[in-house]
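Q: Below are the structure tokens for one structure; questions will follow.
The values are calculated or read from the model by the stated rules, or taken from the named source; none is laboratory data. Just so you know, these numbers come straight off a predicted model, no measurement behind them. Ideal geometry is used to build each Cβ from the backbone, glycine not excepted, and the neighbour counts take in all protein chains shown.
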Amino acid sequence: MRFLTALLAIWTGLAAASAAQAGSPTPDAIGIREAVTPVMESVVDFHTLVMSIISAIVILVMALLLYVMIRYNHRNNPTPSRNSHNTLIEIIWTAVPVLILVVIAIPSFRLLYLQDVVPEAELTIKATGYQWYWGYEYADMGIGEFYSNMIPDEEIDAAAGQYRLLSTDYPLVVPIDTNVRLNVTAADVIHSWAMPNFGVKIDAIPGRLNETWFRAEQPGVYFGQCSELCGLRHAYMPIEIHVVPQDVFDSWAATAAEDIDAGRTMIAEYQSGVRETRLASR
Ligand SMILES: [Cu+2]
């Protein structure tokens with residue numbers, strides 16, 4: 001049963017049930033993490049479409065193979081046909097794959113366009129990859145660059161919602177339902193800024209400014225990792241984002257512009273309040 005659930009999860013691309021924390025990997029979970037942006041929702045839909053087409057093709061080819069193996073084996077069909085051409089069948093097996101590719105191409109290009117074109121941005125964040133941590137800057141908000149380092153194993157506080165290898169000391173904070181433009185670059189080698197729940201994965205390249213966007217539609221804490229082999233501590237430069245209501249973001253931004261440590265304390269207190277309400281409502 002567990003195996004069937006897993007297969008179904010892979011097929012539909014939905015994360016397995018009982019994901020306690022949508023924004024982080026969960027033990028025994030399989031499939032794609034919950035989509036919280038329009039882009040990621042489209043990615044999951046596209047995945048399901050392509051997976052359905054693939055499944056239909058596999059079933060058809062398997063059935064044809066089995067049919068030929070049984071119907072035309074030496075015992076059932078001792079005198080083979082000498083035909084080598086059939087124009088109609090040749091046209092069909094050329095045209096049908098072309099049509100299938102067109103059916104895949106249309107939503108694929110639509111998705112590429114959705115990811116590529118940044119809508120009117122309400123907030124701009126610059127992320128810089130370093131060996132081996134991320135730097136973030138909210139220039140419009142007067143928040144100068146701060147660094148986001150992984151919390152070492154011995155300091156992880158699971159009760160405070162921290163995850164080994166994923167939690168950072170100074171997380172990113174963004175408001176919910178806001179178009180965020182993300183400018184990504186690197187200072188030393190190529191890194192890659194990736195957030196599975198947002199459908200974002202973009203290379204951070206020294207001397208170049210890459211641009212992408214996201215609009216998080218669910219509050220929560222989301223985790224990602226550097227996704228380009230960048231050296232010795234590549235696995236230890238995680239990305240942590242807190243998606244919070246606009247008023248919480250505003251007060252965080254005002255505090256962080258003055259004192260980034262006070263901002264961090266503020267957001268940690270807010271999240272512990274959220275955890276308590278969640279526990280109380282169970
Ligand atoms: Cu890296």
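Q: Whether any residue in segment 93-114 is touching a residue at least 24 places away in the same chain (Cβ under 8 Å), within 16 Å of the ligand (Cβ to nearest atom) and small (G, A, S) is what I want to check.
A: Filtering segment 93-114 down to residues touching a residue at least 24 places away in the same chain (Cβ under 8 Å) leaves 100, 103-104, 107-108, 110-111, 114.
If we keep only those that are within 16 Å of the ligand (Cβ to nearest atom) as well, we get none.
No, segment 93-114 contains no residue that is touching a residue at least 24 places away in the same chain (Cβ under 8 Å), within 16 Å of the ligand (Cβ to nearest atom) and small (G, A, S).
Q: How about segment 34-79: which of its residues are in a loop (DSSP other than H, G, I, E, B), surrounded by 10 or more Cβ atoms within 10 Å (Cβ to Cβ), polar (S, T, N, Q) and free of Cβ contacts under 8 Å to residues at least 60 places away in the same chain?
A: Of everything in segment 34-79, those that are in a loop (DSSP other than H, G, I, E, B), surrounded by 10 or more Cβ atoms within 10 Å (Cβ to Cβ), polar (S, T, N, Q) and free of Cβ contacts under 8 Å to residues at least 60 places away in the same chain turn out to be N73, N77.
Q: Scan segment 211-250 for residues that are touching a residue at least 40 places away in the same chain (Cβ under 8 Å), among the polar types (S, T, N, Q) and either within 16 Å of the ligand (Cβ to nearest atom) or in a helix (DSSP H, G or I) (or both) and jot them down.
A: Q225, Q246
Q: Identify, by number, the condition in (1) over 18 Å from A235 (Cβ atoms); (2) surrounded by 14 or more Cβ atoms within 10 Å (Cβ to Cβ) that W132 doesn't meet.
A: (1)
Q: OK, next. What are the pairs, 6+ residues apart or on separate chains, where a residue within segment 256-282 that is in the same structural domain as Y147 (by TED's automatic domain parsing) has its Cβ under 6 Å from a residue that is loosely packed, with under 13 Cβ neighbours inside 10 Å?
A: Partner pairs satisfying both residue conditions: A257/G142.
Q: Only residues that are surrounded by fewer than 16 Cβ atoms within 10 Å (Cβ to Cβ) and either polar (S, T, N, Q) or farther than 29 Å from L166 by Cα (or both): list them for segment 102-116, please.
A: V102, V103, I104, A105, I106, P107, S108, F109, R110, Y113
Q: Now for a separate question. What strands (runs of 3 or more DSSP E) lie completely within segment 116-210 and have 3 or more residues being closer than 12 Å to E240 by Cα? Don't jump to the end; show me each part of the working.
A: On the way: elements: 123-130, 133-138, 143-148, 172-175, 180-186, 191-195, 200-204.
Those strands (runs of 3 or more DSSP E) span 133-138, 172-175, 191-195.
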